[in-house]
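The values are calculated or read from the model by the stated rules, or taken from the named source; none is laboratory data. Note that this is a predicted model, so its numbers are computed, not measured. Here the Cβ is made from the backbone with ideal geometry for all residues, glycine too, and neighbour counts use every protein chain on show.
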There are 2 protein chains.
Amino acid sequence: MRLFDEFINANIEYAKTHPTEELAGPPVKKVAVLTCMDARLDPAKILGLRAGDAHVIRNAGGRASEDAVRSLVISQVMLGTQAIVVIHHTDCGMVRFSNDELWDRVEHHYGVDASDMDFLPFDEVGPSVVEDVRILRDHPLIPDTIPIRGYVWNVRTGFLEEVPDAHVN
Amino acid sequence: MRLFDEFINANIEYAKTHPTEELAGPPVKKVAVLTCMDARLDPAKILGLRAGDAHVIRNAGGRASEDAVRSLVISQVMLGTQAIVVIHHTDCGMVRFSNDELWDRVEHHYGVDASDMDFLPFDEVGPSVVEDVRILRDHPLIPDTIPIRGYVWNVRTGFLEEVPDAHVN
């Protein structure tokens, strides 16, 4: 498939510029970023991250799922991060469907019942960030001493917008 | 906290260069990349991705967790991706601990019993990719028609290395 060949060719070009200095695993800035898988959102670019700076956890919506918590615990306990940034964004696909609609589509296209999976859609970006910051803050595996900040990234302007009530500790 | 101010300042600089053309949500290359949260691994750079090209899902290890599947289903059913790339990497933190060790550390540091969480560590990178490609291939919510390729990214050289038996359909 041509797509995979393109990636291999792009990677060969990348490797020519790969830094020769060896970086350590634990993130230099001691922070983990939780954000959406959206193709337009490049966490390294929008936050000015350099190689080695930060863990980046991404899923559909940038949600505080149990798997995101799994990653955050490893990030903190094994690799020393001490802060969390949660970033959702405008024009997110997650506001355009309900669980019912997605279950119906999966049933229609794949003939499979997916109704035991919560796809974690949300109604409005902003409140979604407040909800996920709250889930992390209240989670027994995320210590209260870890500061958490929530933002909405504006896909049109490129700016991060602070979210009131998504700023804890 | 100075870290968050640094991000906001870096983002103000970024926004000056943010493209004025508006990109659509569905990824141009119709692909989703599943990889590790590692701070040294920048998926956009190592694959030559441009803004809008691909969904990027990241967690500790780049594992095929149920939350990764949630994201992949949304990626495919709602946003039209038709291929998956799985990338693990050398020098991954996930080979340096067992569930037992992490449960002990969490108990020791936080006083919390985390033994109901599988942190998904692995013994060896490469076989880990084969395992995750197999989990995705066998998952009822990922159609057999979706090609999946697995690679190991070499942190030292910057090269993607193909993994035998992690190349399905």
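Assorted remarks:
- Taken together, the residues in region B:1-20 that are in a loop (DSSP other than H, G, I, E, B) and either closer than 19 Å to A:Pro26 by Cβ or of a type in the set (D, E, K, R) (or both) amount to 1.
- Exactly one residue among B:Gly61, B:Gly80, B:Gly52 is closer than 23 Å to A:Pro19 by Cα and in a loop (DSSP other than H, G, I, E, B), and that residue is B:Gly61.
- Test for B:Val73: is it modelled with pLDDT of 95 or more, part of a helix (DSSP H, G or I) and either under 16 Å from A:Ser75 (Cβ atoms) or among the polar types (S, T, N, Q) (or both): no
- Whichever residue in region A:146-169 is closer than 21 Å to A:Glu66 by Cβ and at pLDDT below 95 and, among such residues, is surrounded by the most Cβ atoms within 10 Å (Cβ to Cβ): A:Ala166
- Residue match in region B:91-104 (condition: at pLDDT 95 or above, under 15 Å from the mean Cα position of the chain (by Cα) and more than 7 Å from every other protein chain (Cβ to nearest Cβ)): yes
- Any hit, region A:21-31, residues being facing another protein chain (nearest Cβ under 7 Å), modelled with pLDDT of 95 or more and either closer than 20 Å to B:Ile84 by Cβ or in a helix (DSSP H, G or I) (or both): no
- So A:Ile87, is it outside any helix (DSSP H, G or I), in contact with a Phe, Trp or Tyr (Cβ under 6 Å, 6 or more places away or on another chain) and among the β-branched types (Val, Ile, Thr): yes
- Just one of (1) surrounded by fewer than 20 Cβ atoms within 10 Å (Cβ to Cβ); (2) within 15 Å of A:Cys36 (Cβ to Cβ); (3) out of contact with any helix residue (DSSP H, G or I) (no Cβ under 6 Å at 6 or more places or on another chain) fails for A:Val129. It is (1).
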